[in-house]
Every structure is written in structure tokens, then in C-alpha cells.
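Structure first, commentary second.
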Amino acid sequence: MSFSAADFAALKWSLGAFALSIGIAAGAITYGEHYLRDAAQQRQTAQKALTEARNQLATAQNDRENMATYQMEYDALQAQKVIGNEARLDWIEGLEKLRQQGLAADFKYTIAPQQPYAPNPPLDAGNFALNISPMTLQIDLLHEEQLLALLSALHTRIEGWFLLDHCNLTAAEPTNKQARLLAECGGGWITLKNRNAP
């Protein structure tokens, strides 16, 4: 089959339409590939965002559960006056009540001004500042059990958190008719102060 110049003139519009169709098809394929690539990237980005959102939701739910658990402990420590301001007046009143109960023959105490507390080994207290109000006790005892009863009462009958550091026992002077033993004890009242609290 042979084509003449006249045949090419008649086919030129058809060939032009064919070439245009091929160009449109190639453009559509390129655009489709570009669109699919963008859609895949957007899907990947959306998957990452969804995974991060799920992780954040799980973290928030865990935090909420932890807050409920720790809120009870926090409230208990506040009620005990461990969290908050120094409760010096309450400690003094509590010590006077213990004196009246006669747990020891007699005792004297001094509570020094509050100061920052640095436990050994170091402790990460988070958002709380640890403070201690050092206290020394001179106790007249009839026997050792009175010392244990008095120290136990410090922990159970007075609001606060008393930390015992040391106690030294010596025999009382023969002239002291009230006591057979003398105890010198040191420690302090621990207070946690929220750094964000006014």
C-alpha cells in the first residue's frame, strides 16, 4: 500500500488528532503518577499523625490514671502537713501533748529554723523543694522502752514527717531522781513545698 501527497493532506488532521491524543495520554499518565505519589505521601503523613495522636491519647489516659492514683497520696500528705508550709506551731502543740501523756520522765527540745534539705543519696523530688526544720531532743528516761514509745508517738501522733537522725544514750547522774538514762536525739521535720505554689 502506498500513500500519495494527497493522502497525507487528507490524513494530516487525523494524524494531528492522534499526536494530540498521545500527548494528552502521556500528560494524563504523568499527572496520574504524580497524583498517586502525592497521595501516597499524604497517606504516610496521615498515618504518622494518627500514630502520634494514638500515642498521645494513650499517654494522656495513663497520666489521668496516674493522677487519680497519686492524688490520693498527695491529699494524704497535705492532710498530714508534710506538703505545704512549715507546721511549727502544730509540732510544738503535739510535743506538749506528748509531754502531758508522760511517755518519758521529761524532755526538752529545740526546733531550729527551716533550711533546704539534701538527702544522701540524692533524691529527685521533682517539682518539690525539700526542707528540714532540725530538732534536738534531750530526754530523761526511766528505761529504754520509754525512748521507743516517745519516738513512735512522734511519728504517729503529731502531724508531719519527723526524720530521726541519731540518738545517744548515757546513764543519768545519780543526783537525777527522775531518770536513770539520758537520751540526746537529733533529727528534723521534713516539709515538701511545691515550687509552683504561691
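For a quick check of understanding: with a 1.4 angstrom probe and all protein chains in place, what accessible area in square angstrom does Arg54 have, to the nearest ten?
150
Between Ala68 and Lys97, what is the label-point separation in nm under the 7 Å Cα-to-beta-carbon projection?
Each label point is offset 7 Å from its Cα along the Cβ direction, giving 3.4 nm.
Ignoring ligands and nucleic acids, what accessible area does Thr175 show with a 1.4 Å probe (Å², nearest 10)?
For Thr175, solvent-accessible area is about 120 Å².
Kindly write out, for the range 97-107 in residue order, the coupling ³J(HN,Hα) from the Karplus curve 6.51 cos²θ - 1.76 cosθ + 1.60 (θ = phi - 60°), rounded to whole Hz, with x marking Gly and Pro.
Here the 3J(HN,Hα) series is 5, 5, 4, 5, 7, x, 5, 9, 4, 5, 7 Hz.
Please list, in chain and number order, the residues 5+ apart from Phe107 or on another chain whose amide H is under 5 Å from its amide H, with Hs placed from the backbone.
Those qualifying (amide H under 5 Å, at least 5 residues apart or on another chain) are Asp140.
For the modelled label position 7 Å from the Cα of Arg157 along Cα-to-Cβ, which residues of the range 99-131 have backbone nitrogen atoms closer than 13 Å?
Output list for this probe position: 99-107.
What does the charge count near Val82 come to, summing +1 for each Lys or Arg and -1 for each Asp or Glu among other residues with Cβ under 13 Å from its Cβ?
Summing Lys and Arg as +1 and Asp and Glu as -1 gives -3.
Pick from Ala125, Ala49, Ala79: which is most flexible by mean-square fluctuation in a GNM of the chain where alpha carbon atoms under 10 Å apart are linked?
So, out of Ala125, Ala49, Ala79, the one fluctuating most is Ala49.
Who wins for biggest fluctuation among Ala112, Ala25, Ala68 in a Gaussian network model of the chain, springs between alpha carbons below 10 Å?
The residue that fluctuates most here is Ala25.
Springs between alpha-carbon atoms under 10 Å, Gaussian network over the chain: tell me which of Gln47, Gln80, Gln100 tops the mean-square fluctuations.
Gln47
Percent of accessible area on the chain owned by carbon and sulfur, 1.4 Å probe?
Heavy-atom surface of the chain belonging to carbon and sulfur, 1.4 Å probe: 58 percent.
The values are calculated or read from the model by the stated rules, or taken from the named source; none is laboratory data. Since the structure is predicted, the reported quantities are computational estimates derived from the model, not experimental observations. Please note: Cβ atoms are built from the backbone with ideal geometry, for glycine as well, and neighbour counts cover all protein chains shown. Areas reflect the complete protein model, heavy atoms only, side chains present, ligands, DNA and RNA absent. Shrake-Rupley method; radii C 1.70, N 1.55, O 1.52, S 1.80 Å.
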